[in-house]
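The values are calculated or read from the model by the stated rules, or taken from the named source; none is laboratory data. Predicted, not measured: the structure shown is a model, and the values here were computed from it. Here the Cβ is made from the backbone with ideal geometry for all residues, glycine too, and neighbour counts use every protein chain on show.
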Amino acid sequence: MFSDILGIPAHPLWVHGAVVMVPLLALFAAVYAVVPRWRAKVGWLVAGLAVIAPLAALAAKLSGDKLLAARYAAGPPEAILNHRTLGTTTFWLTLALGLATGLLLMAIGGRLSSSTDRALTELPAARASAPSGGSGKPSRAKWLRTGSQVLVLILAALTAFYVARTGDSGAANVWGRS
């Protein structure tokens, strides 16, 4: 499955899934994080991409590892090793973005927003430090929402950067640019 598909090396085929899904996750996760009026429209899409994009990146990475082992048993060129390193980084960043997006969906989508405050204020230590009704201090759920928004934005930017770098290095290897 990761070596070849119907006699064709699998890596170029799997890469196209990652090249499409990873930037879409970065884009729509960022939109979900910062554009409240679009959240209802893109929520399910973001949830799906948070699962599909890391799987697509993993498939691209595993198929690339198989291609590397099959084609360069004697030792690959430095440019190929650099591409592999970029691909591995892209996979881990995409996985982190998928997980952070899941947290963001729970925090903003309401599952954690009101229930987190209730659960945290029920703890004895939290009760003593919980803000009183009109103190003006942000709630723990607000901090969780804001933190997950910032995390998603940072990871989306890094992931988009690395997927572009990885793709460029792969294209350079295939088409002879250095």
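Among the residues of the stretch 19-40, is there at least one that is at pLDDT below 95, surrounded by fewer than 18 Cβ atoms within 10 Å (Cβ to Cβ), under 23 Å from Thr146 (Cβ atoms) and of a type in the set (A, V, I, L, M)?
Yes: one or more hits.
Condition check ((1) among the aromatic types (Phe, Trp, Tyr); (2) closer than 27 Å to Leu68 by Cβ; (3) modelled with pLDDT of 95 or more; (4) touching a strand residue (DSSP E or B) at 6+ places or on another chain (Cβ under 6 Å)) across all residues:
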residue: Leu97; (1), (2), (3), (4): no, yes, yes, no
residue: Ala100; (1), (2), (3), (4): no, no, yes, no
residue: Gly109; (1), (2), (3), (4): no, no, no, no
residue: Ala126; (1), (2), (3), (4): no, no, no, no
residue: Gly134; (1), (2), (3), (4): no, no, no, no
residue: Lys137; (1), (2), (3), (4): no, no, no, no
residue: Ile154; (1), (2), (3), (4): no, no, yes, no
residue: Ala164; (1), (2), (3), (4): no, yes, yes, no
residue: Ser178; (1), (2), (3), (4): no, yes, no, no
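Inspect all residues belonging to the stretch 69-79 and state whether any of them is in a loop (DSSP other than H, G, I, E, B) and crowded, with 16+ Cβ neighbours inside 10 Å.
Looking through the stretch 69-79, at least one residue is in a loop (DSSP other than H, G, I, E, B) and crowded, with 16+ Cβ neighbours inside 10 Å.
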